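Everything below concerns the one structure shown next.
The values are calculated or read from the model by the stated rules, or taken from the named source; none is laboratory data. Just so you know, these numbers come straight off a predicted model, no measurement behind them. Here Cβ is always computed from backbone atoms with ideal geometry, including for glycine, and neighbour counts include all displayed protein chains. The protein model used for the area step is the full one, side chains on, heavy atoms only, and it has no ligands, DNA or RNA in it. Shrake-Rupley method; radii C 1.70, N 1.55, O 1.52, S 1.80 Å.
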Amino acid sequence: MSQPNIHFDVSFTEPQAHYIDVRMEISGLNQHEIELIMPVWTPGSYLVREFSKNMEAFKVTSNGKQIAYQKLRKNSWLISTQNLENLLVFYRIYAFEVSVRTCFADRSHAFLSPTGLFLYPEGMLGLPSTIRINLPDYWQKISTGLENHQNDPCCFYAPNFDTLYDSPIEAGNQHVFSFTASGVLHEVAMYGGGMYHEEKLIADFTRIIEEETGIFGENPNKRYVFIIHNFNAGGGGLEHCNSTVLAVPRAAYAAEKTYQDFLGLVSHEYFHLWNVKRLRPEALGPFDYQQENYTTSLWIAEGFTAYYDNLVLRRSGLISAENYLKLLAADISNVENLPGRKIQTVTEASFDTWIKFYRPNENTPNATISYYVKGSLIALCIDLLIIRQTNCQFSLDEVMKRMYQQFYKTENRGYTEHEFRAALEQIAGCGLNHIYEQYINGLEDMDYNHYLGYAGLRLRVCAPETKVLPATGLTAAINNGKLMVTFVERNAAAWHAGISVNDELLAINGNRIADLEKPLQFLLPGDTIECTLVRDGRLLQIPLTLQHQHKIKYAIEEAPEAEEWQMAVRNKWLKL
């Protein structure tokens, strides 16, 4: 049976009202019915987002006549095609959510996130399609990883829906510049201004690209597109096979710290073109766009990428070794001060990302761990172990390269967690039972000093910069002139006292308060204070016994009298 031909026309009749108009042309029909489906999520962002909620004015015609349809589910439309050879499907998308994973349109530009824009025929994800972008007179440019169709600058070709859904489109008057790195043409599309210098961006991007290409031994793209949205505030990124979408404060380029953060984001999303887009867990492709795609391996797909993002900045000379170790120590402090590290493993965090990571609430720090941050620290330990065990012959790089060659280049399939572990142990030349049982599938605190010791380094607890106050175990902030509780830490003083998020704090020991610090200045751990608060319109008096402050800030320092082999490990690790 021959397959239908599909073409999309995208227009912008009312971009100022945040609407995108879509016309889907289906020709060459030879079936009795066709079901059209809108995805509910977008790969790389693990949350069911219900994109069909933004659709309206759905209509179907054939040869000028309106065709009846039945809506089967929230995101599915069934159309009878008996005796029909072609269909025109019209609908509008309301696009007013600013993010790297959702459609947005106004008079200045449009960002098209394809999973929230294009319908696909059930059972036909392998069909090719063409896409025409009809620009308003006041827009001049289109930026996307899709290839042009028949040399038409406004028409594009996708060999299948997976490629289409993996190819975001920027339309407007974005500033575009190009450069070549690692034999690949790179296009940068800048929307929203920004205090950047092209030459510096090109130089710094090139160093990141060449360092990461060196890890995997090749760059699989011929062309790659950076779509960068410069906003007053906000940030984020989403990876794609031959493009990425980044959001950054437009002032971030002007300060060293924020520019470094931006380069870390660039490094992270670019690394994904290998790790997750090609070298991937078996659950992450082919995708089911109608429901969650579960995996326990996001601590590898995202965590290992998070490990490499700043490490690549160090190894490419964009940050110093001292600066890198500060970033690493901050990640360790982050994990070790999080109560959730004793509740959720990184494999559980990976699997439950659909219901927890992307849906945080006031109790999230108490109940969860980030597979990004803890996954990156697991990668650190494994990397240093491999370097030590192989006498500096190999590092984690070798695992990533071999896995990429085997599972993407040779077998073209996703790996199981067992297969990834086998590769780690093969390169390391030893078992990883302790790491897997205690740190990956378990809740034990990580022995950072053991692994940092291979590089002649150790953790140090930083001395407090100011007076250490006794701990209440709660966080509060001013909201509409009221001091409101925003977080209560698990097993801390406020937790045991029964203070809750959304309580309004009025007084301590009968004295009106505007913040939490001043009333604690002359108190000690073990002292009991009387908290006056309002809950649901009722005045309450709650005693709270103060505790010792247990939050710790770590630094990484050189161990005394590091031996030659430890310096060799450090040099291999950080490219000193």
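Assorted remarks:
- Restricted to the range 20-48, and to residues there that are touching a Ser or Thr at 6+ places or on another chain (Cβ under 7 Å) and farther than 22 Å from PHE287 by Cα, the residue that is surrounded by the most Cβ atoms within 10 Å (Cβ to Cβ) is LEU29.
- Qualifying residues in the range 538-573 (those that are of a type in the set (A, V, I, L, M) and without any contact (Cβ under 8 Å) to a residue 40 or more places away in the chain) - the one surrounded by the most Cβ atoms within 10 Å (Cβ to Cβ): LEU540
- Among the residues here, LEU474 qualifies as on the phi < 0 side of the Ramachandran plot and open to solvent by less than 30 Å² (accessible area, probe 1.4 Å).
- Taken together, the residues in the range 75-94 that are assigned to a strand (DSSP E or B) and either crowded, with 19+ Cβ neighbours inside 10 Å or out of contact with any helix residue (DSSP H, G or I) (no Cβ under 8 Å at 6 or more places or on another chain) (or both) amount to 13.
- Of the residues making up the range 95-126, just one is open to solvent by less than 10 Å² (accessible area, probe 1.4 Å), closer than 14 Å to TYR157 by Cα and in a loop (DSSP other than H, G, I, E, B), namely PHE118.
- Residue within the range 452-465 that is of a type in the set (Val, Ile, Thr) and assigned to a helix (DSSP H, G or I) present: no
- When residues in the range 488-524 are screened for being touching a residue at least 60 places away in the same chain (Cβ under 8 Å), within 17 Å of LEU469 (Cβ to Cβ) and open to solvent by 40 Å² or more (accessible area, probe 1.4 Å), 0 of them pass.
- Some residue of the range 54-74 being surrounded by fewer than 20 Cβ atoms within 10 Å (Cβ to Cβ) and in contact (Cβ under 8 Å) with a residue 40 or more places away in the chain: no
- Single unsatisfied condition, THR295 versus (1) part of a loop (DSSP other than H, G, I, E, B); (2) out of contact with any Pro (no Cβ under 7 Å at 6 or more places or on another chain): (2)
Yes/no matrix, rows are residues, columns are (1) touching an Asp or Glu at 6+ places or on another chain (Cβ under 8 Å); (2) in a strand (DSSP E or B):
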| residue | (1), (2) |
| --- | --- |
| VAL10 | yes, yes |
| ILE20 | no, yes |
| ARG23 | yes, yes |
| ILE26 | no, yes |
| LEU29 | yes, no |
| LEU36 | yes, yes |
| PRO39 | no, no |
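Residue-wise test of (1) more than 27 Å from the chain's Cα centre (by Cα); (2) open to solvent by 90 Å² or more (accessible area, probe 1.4 Å); (3) of a type outside the set (Ser, Thr, Tyr).
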| position | (1), (2), (3) |
| --- | --- |
| HIS434 | yes, yes, yes |
| ILE440 | no, no, yes |
| MET446 | no, no, yes |
| TYR454 | yes, no, no |
| ARG460 | yes, yes, yes |
| ILE478 | yes, yes, yes |
| GLY481 | yes, no, yes |
